[in-house]
Structure formats: C-alpha cells, structure tokens
Amino acid sequence: MFHSARIKLTAWYLLIITLVSFSFSMVIYRALSIELNRVERMHKLRIERRLPNEPPRPFLLDPELIEETESRLKFTLTAINLLILTASAGAGYLLAGKTLRPIKNMVEEQGRFVSDASHELRTPLTSLRSEIEVSLRDRHLTYKEMKKILKSNLEEVDKIQKLTDHLLGLSRYQDGETKIDFTEINLKNNAEKAVAKITPLAKRKKIIIRTKLDDVKMKGHSISLIELCIILLDNAVKYSPSGKKIVITLRKDRKNAILKVRDQGIGIKSSELPYIFNRFYRADSSRNKDKIDGFGLGLSIAKNIAELHHGKITVNSLPGKGSTFIVCLPIS
Ligand code: ADP
C-alpha cells in the first residue's frame, strides 16, 4: 500500500512539474520566435529603405538560418525538459517517501496497538467463555459452586473493564485533536484525592502512604492529573510487598511542580527501565514470577498526561530496594 501510494504521489509531483516546465518552454519558444521574426523583418526593412548615398547592407538574413535556429531552439528546450523530468522523477520519488514516512509509521503503530489490545482482551474473554461453557455442561452444579463461578466471571469482566478504561484513557490523552480544558488548580488537592482513592487498597496490604505535599498552583487538567497520581500510587502498592511504606511528595522550584512517588517495592532492572513507559510493556518480574495483574498501559497513560502538561516523567529504581517516579510539570 505504501509503495503504490508513493508511486501515485510521485506521478502527481511529476505531472505538476511537467505542466510548469512545458508551459515555461512554450513561453520561451514563442518569445524567441517572435523576436527572431522581428529581427528578420527589421533587417529587410532597413535594406529596402536604404538611401542612395548610404553604403549597401552586406547581406539579407537567410530564412533557412532562422528556421534552423528555431529548430535548434526546439531541440534544446526538449532536451532541457527531459532532463528536468528525469531529475524530478528521482527527487519526487525521494520526496514522496519522506512525506509518506510519518503516515506509514502511524499506520504501523495503530496496527500494533490494535493487535496488542485484541491480544490482551482475548485472555480474559477466553477464560470467561470456558468457565461459562463448563458450568453449562455440568448438570449437578450446586448453588455454592455456581456462586463461585459467577464470582470468577465477575473478576474477568472487571479485567476487561479496566483494560477498556485504560484504552480509552490512552486514546483520550494521546489524541491531539481532543480539546482538553486547562483550569487553575492546586496540585496538592489532586494528589490528596488520589491518596484517598488508593488508601483502602494500601491498607489491605498493610502499606502506609506518607504525604509531604506543598501548595502548588498551576494551570492544568484536574481529572487527568488525579489519574496520573493514582497510576503511580497504584503501581507503588501493586509492586510493593505488604508492610512497606510509600511516600508521595509535592514541591515546587522556580519553574516546575515536582511530584515524587517513592516505594520500597520490588524495583525495576536497569535493562527494563527504558521500556516501562511503552504501551503494553510489562517487566519480567510482573509478568512471570509473581503474576501481578496489569496490562502495561498505566505508565504510558501517565507519560501522555505529563506530556499533555508539557512536562515529563522519569524513574530511578533499584531491584529489591524500590522505585521513585518523578513527575516534573511546568507551572507557568
Ligand atoms: P502494569 O502495572 O499494568 O503492568 P504499567 O504501565 O503501570 O503497567 O507499568 C509497566 C511496568 O513497569 C510494570 O509491568 C512493572 O513491571 C513496572 N513498574 C511500574 N511501576 C513500578 C513500581 N512502582 N515498582 C516496580 N515496577 C514497576
């Protein structure tokens, strides 16, 4: 598809250049022919009107010479046109490739995204389907067993819902077309709302969340900033053993609001750090050994939210010691 689009675009470029070059050549040819004819006419006129005492003009302009000059002119212009067309075919092909490359990358990226999302959706759907099929076939299912199966079904539905929420979030913050209104906010309030949301989850794992939050006023999108804090706090709880501590701090320097979420969890290997903000990326430790639930979308949403506010998100982490996620957002 990319190749045929490239050829078509090159053909369009070539058509435009041909038209321009051909029109210019016609104009030049016409102008020079007119000029030649005028010179011939003038010369003839001067010879005819020669006064008797004037010395004779040396010769008449040969019409064959004029014709020859015209056909040489035609030949030169055709050669120049052919040269221009050959050069522009090559240049047009290169240029068309350059123009289409970002579109090609975007289409490939979309394709990867759809296939990753379908893959993630298939796992809970398959397990949901097989549970329902098995229970439908079993005629001696007790009420207690039925409830157990329904509970497990609900867990799978929950996973699907979480995934679709994440996918929606991702498209909302990534799509430059969607208009997101910024208002004057106090980032401290947003962080506090996120802490309140995650605290019950932390309590279940006997994890304490400490807060050190300064007042930081900035222009931003309140809901997405709460979501950003929730993602970081949720990960901190998810990837920490029970009984550990999480610290969330918020301060400001001259130009930026700096939000840090520090945990004492499993940490991330340095070889995996460059990839954790990629969509659907999950580090080995979370996918294999401990089987922690997740889709690998949280941090890419967090990154999109930070970028939406012209900020950035970074991480320092040591396996076995813990991780610190740092969000830096310009306040002006
Ligand atoms: P998810 O948590 O759903 O897998 P994320 O995008 O939030 O997806 O995180 C990507 C990966 O980064 C996780 O799979 C995990 O391996 C790693 N990670 C994120 N936060 C932490 C953390 N606080 N501690 C350790 N690893 C983390």
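Since every read-out is calculated from the coordinates, none of them should be taken as a lab result. Note that the coordinates shown come from a computational prediction; the quantities given were computed from them, not determined experimentally. Cβ placement follows ideal geometry from the backbone for every residue including glycine, while neighbour counts extend to all protein chains displayed.
In deg cm²/dmol and to the nearest 500, what is the mean residue ellipticity at 222 nm of the chain if only DSSP H runs of at least 4 residues count, each as -39500 (n - 2.57), divided by the residue total?
Details: 7 runs with 204 residues, N = 332.
Calculated mean residue ellipticity at 222 nm is -22000 deg cm²/dmol.
Can you give the translational diffusion coefficient of region 1-110 in µm²/s, computed by Stokes-Einstein from the Kirkwood radius over Cα pairs at 20 °C and 1.002 mPa s? Before the final figure, lay out each step's value.
Numbers: Rh = 18.0 Å.
Approximately 119 µm²/s, per Stokes-Einstein.
Let me check I have the definition right: for the chain, take the eigenvalues of the Cα gyration tensor, multiply each by 5, take square roots. What are those semi-axes in whole Å, largest first?
Details: eigenvalues 1153, 161, 51 Å².
The answer is 76, 28, 16 Å, longest axis first.
Over all directions, average the projected area of the Cα convex hull of region 113-234 and note it in nm².
Working: hull surface 43.3 nm².
For region 113-234, averaging the hull's shadow over all directions gives 10.8 nm².
So if I place +1 on the C-beta of Lys and Arg and -1 on the C-beta of Asp and Glu, and nothing else carries charge, what would the dipole magnitude of the chain be about its Cα centre? I want it in debye, nearest 20. Kindly include the intermediate steps, with their values, before the conclusion.
Details: 57 positive and 37 negative charges, 365 e Å.
Charge dipole, the chain, about its Cα centre: 1760 debye, nearest 20.
Using the crude model of +1 on Lys and Arg Cβ and -1 on Asp and Glu Cβ, and no other charge, please compute the dipole size for region 108-223 relative to its Cα centre, in debye to 20. Spell out each step's value before the answer.
Values: 24 positive and 19 negative charges, 182 e Å.
Around 880 debye, computed over region 108-223.
What's the FRET efficiency of residue 223 with residue 105 using the Cβ-Cβ distance as r and R₀ = 30 Å, to the nearest 0.05?
Details: r = 30 Å, r/R0 = 1.00.
Efficiency, rounded to the nearest 0.05: 0.50.
Given the peptides 299-310, 222-233, arrange them by the average over their residues of other C-beta atoms within 10 Å, most packed first.
Working: 299-310: 20.8, 222-233: 22.7.
The peptides rank, most packed first, as 222-233, 299-310.
Magnitude of the Cβ-charge dipole of region 62-139, K/R +1 and D/E -1, about the Cα centre, nearest 20 debye?
Working: 10 positive and 12 negative charges, 143 e Å.
So the dipole magnitude of region 62-139 works out to roughly 680 debye.
Hey, what did the chain get for relative contact order, percent, Cα under 8 Å, at least 6 apart? Can you show the working numbers first?
Numbers: 387 pairs, mean separation 43.2, N = 332.
Normalised by residue count, the contact order of the chain is 13 percent.
Kirkwood Rh over Cα pairs of region 203-290 into Stokes-Einstein at 25 °C, 0.890 mPa s: D in µm²/s?
On the way: Rh = 14.7 Å.
Calculated translational D: 166 µm²/s.
Compute the distance from the alpha-carbon center of region 267-332 to that of region 86-103, in whole Å.
After rounding, the separation between the Cα centres reads 38 Å.
How big, in percent, is the set of alpha carbon pairs in region 211-260 lying more than 12 Å apart?
Details: 856 of 1225 pairs.
In whole percent, the long-distance tail amounts to 70.
If you take the charge dipole of the chain about its Cα centre, with +1 on Lys and Arg Cβ and -1 on Asp and Glu Cβ, which of 257, 306, 323 is farthest toward its positive end?
Final value for the positive-end residue is 323.
Quick check: convex hull of the Cα atoms in region 177-330, volume per residue, rounded to a whole Å³?
Details: hull volume 16.6 nm³, N = 154.
Roughly 108 Å³ of hull volume per residue.
Let me check against my output: what whole-number percent is the relative contact order of region 79-206, with C-alpha pairs under 8 Å and at least 6 apart? Walk me through the numbers before you get to the answer.
Working: 21 pairs, mean separation 27.7, N = 128.
Computed value for region 79-206: 22 percent relative contact order.
Based on the Cβ-Cβ distance from residue 210 to residue 135, what FRET efficiency comes out when R0 is 56 Å, to the nearest 0.05?
0.75
Along the charge dipole of the chain, Cβ charges K/R +1 and D/E -1, which of 126, 211, 271 sits furthest on the positive end?
Looking along the dipole axis, the top candidate is 211.
Excluding residues fewer than 8 places away in the same chain, name every one of the lysines whose C-alpha is closer than 29 Å to that of residue 148.
By straight Cα distance, residue 148 reaches 159, 162, 197, 203, 205, 206, 238, 289, 291.
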